[in-house]
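The values are calculated or read from the model by the stated rules, or taken from the named source; none is laboratory data. Everything numeric here is computed off the predicted structure, so don't read it as measured data. FYI the Cβ positions are ideal-geometry reconstructions off the backbone, even for glycines, and counts take in every protein chain you see.
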């Protein structure tokens, strides 16, 4: 078994335990390296995070397949952790979804998330969302399942229908996604504690719960969500919000005082930054291949 096949099989087993696997979101290779250094067992590559940090614009469908596949390859090169990739709506119809799945699998993805919003999509915690018909999304899921080379590459089916059709209709839609072959179900932006607690009892696949800091879904602890039976507890953009705060603090101090030193309340030390980007490894390479 190859390293990637083993990683995907182990990741599937971890999700299927339904014990609240805590998954942070990354937005580039360095944020992925920091998450791995903190001891997390898996990572999410956030479309919103890449859009905000890479383009400086809102999560409104501006990032495409090439951008996300390139970011996937860079993150895969930086960390060995299982990666769940945010593929938005699949960048088109079912044929486009099949092409995207193959591109992400080649780039090093271990799971791919597809959603049922009308394109161009919006952040799941924005107002004014619209969703495609259930039958069209079922076709996309079937295409994703058929396109993957490794059967342990997880297909995560997200629905944003709660905001459009209500909770009961969303449950029916999620059942259809499971029947189409989705490995994990993701009901986005539920708004009540009762809904959060009921979902694992109503759906047949492991569930992903997305906790958006400041968003529409009430926050519960990872332990509580694990007790309820959620497979994944996602904090898609906690790192992004923390990074923005850190930049605001550092830039604010620099603007006020005209200088910065190694203040641990504002910046990581120079040597810590070099450790995180693995400079000692490249120093060793330089010595190994230097001319005698």
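Restricting attention to segment 85-142, the residues being part of a helix (DSSP H, G or I) and closer than 21 Å to residue 43 by Cα number 8. Pairing residues of segment 21-40 that are at positive phi and free of Cβ contacts under 8 Å to residues at least 24 places away in the same chain with residues that are surrounded by fewer than 18 Cβ atoms within 10 Å (Cβ to Cβ) and not in a helix (DSSP H, G or I), at Cβ distances under 9 Å and at least 6 apart in sequence or on separate chains, gives no pairs at all.
Can you tell me which residue is nearest to residue 152 (Cα to Cα) among those in segment 22-40 that are outside any helix (DSSP H, G or I) and more than 13 Å from the chain's Cα centre (by Cα)? Step by step, filter segment 22-40, then rank; the result is 40. Only a single criterion out of (1) modelled with pLDDT of 95 or more; (2) in a loop (DSSP other than H, G, I, E, B); (3) within 25 Å of residue 235 (Cα to Cα) is not satisfied by residue 150, namely (3).
Would you be able to say whether some residue in segment 153-165 is exposed (fewer than 14 other Cβ atoms within 10 Å of the Cβ) and either more than 22 Å from the chain's Cα centre (by Cα) or without any contact (Cβ under 8 Å) to a residue 12 or more places away in the chain (or both)? Taking every residue of segment 153-165 in turn, none turns out to be exposed (fewer than 14 other Cβ atoms within 10 Å of the Cβ) and either more than 22 Å from the chain's Cα centre (by Cα) or without any contact (Cβ under 8 Å) to a residue 12 or more places away in the chain (or both).
Being more than 15 Å from residue 30 (Cβ to Cβ) and either in contact with a strand residue (DSSP E or B) (Cβ under 6 Å, 6 or more places away or on another chain) or modelled with pLDDT of 95 or more (or both) narrows it down to one residue among 258, 291, 246; which is it? Of the residues listed, the single one that is more than 15 Å from residue 30 (Cβ to Cβ) and either in contact with a strand residue (DSSP E or B) (Cβ under 6 Å, 6 or more places away or on another chain) or modelled with pLDDT of 95 or more (or both) is 258. Looking only at residues in segment 44-94 that are buried (at least 22 other Cβ atoms within 10 Å of the Cβ) and on the phi > 0 side of the Ramachandran plot, the one that is farthest from the chain's Cα centre (by Cα) is 90. Figure legend. Inter-residue proximity from segment 245-258: first residues under 19 Å from residue 52 (Cβ atoms), second residues at pLDDT below 95 and loosely packed, with under 10 Cβ neighbours inside 10 Å, beta-carbon distance below 9 Å, spacing 6+ or different chains. Indicated pairs: 249/265.
Which of the residues belonging to segment 215-237 are within 18 Å of the chain's Cα centre (by Cα) and without any contact (Cβ under 8 Å) to a residue 24 or more places away in the chain? Answer for segment 215-237, where residues must be within 18 Å of the chain's Cα centre (by Cα) and without any contact (Cβ under 8 Å) to a residue 24 or more places away in the chain: just 219.
Test residue 37 against the stated conditions and say whether it is surrounded by fewer than 16 Cβ atoms within 10 Å (Cβ to Cβ), farther than 18 Å from residue 147 by Cα and touching a helix residue (DSSP H, G or I) at 6+ places or on another chain (Cβ under 9 Å). Yes; evaluated as a whole, the condition is true for this residue.
The C-beta contact set for segment 269-292 (first residue closer than 19 Å to residue 79 by Cβ, second residue modelled with pLDDT of 95 or more, distance under 6 angstrom, 6+ apart or interchain) comprises 276/33. The number of residues in segment 1-21 being within 23 Å of residue 88 (Cβ to Cβ) and not in a helix (DSSP H, G or I) comes to 1.
Filtering segment 183-211 to residues that are in contact (Cβ under 8 Å) with a residue 12 or more places away in the chain and farther than 13 Å from residue 229 by Cβ leaves 183, 186, 187, 188, 189, 190, 191, 192, 193, 195, 210, 211.
Each residue in segment 124-147 was checked for being closer than 14 Å to residue 87 by Cβ, touching a strand residue (DSSP E or B) at 6+ places or on another chain (Cβ under 8 Å) and surrounded by fewer than 22 Cβ atoms within 10 Å (Cβ to Cβ), and 1 of them qualify.
Is there a residue being touching a helix residue (DSSP H, G or I) at 6+ places or on another chain (Cβ under 7 Å), modelled with pLDDT of 95 or more and surrounded by fewer than 21 Cβ atoms within 10 Å (Cβ to Cβ) anywhere in segment 13-27? There is at least one residue in segment 13-27 that is touching a helix residue (DSSP H, G or I) at 6+ places or on another chain (Cβ under 7 Å), modelled with pLDDT of 95 or more and surrounded by fewer than 21 Cβ atoms within 10 Å (Cβ to Cβ).
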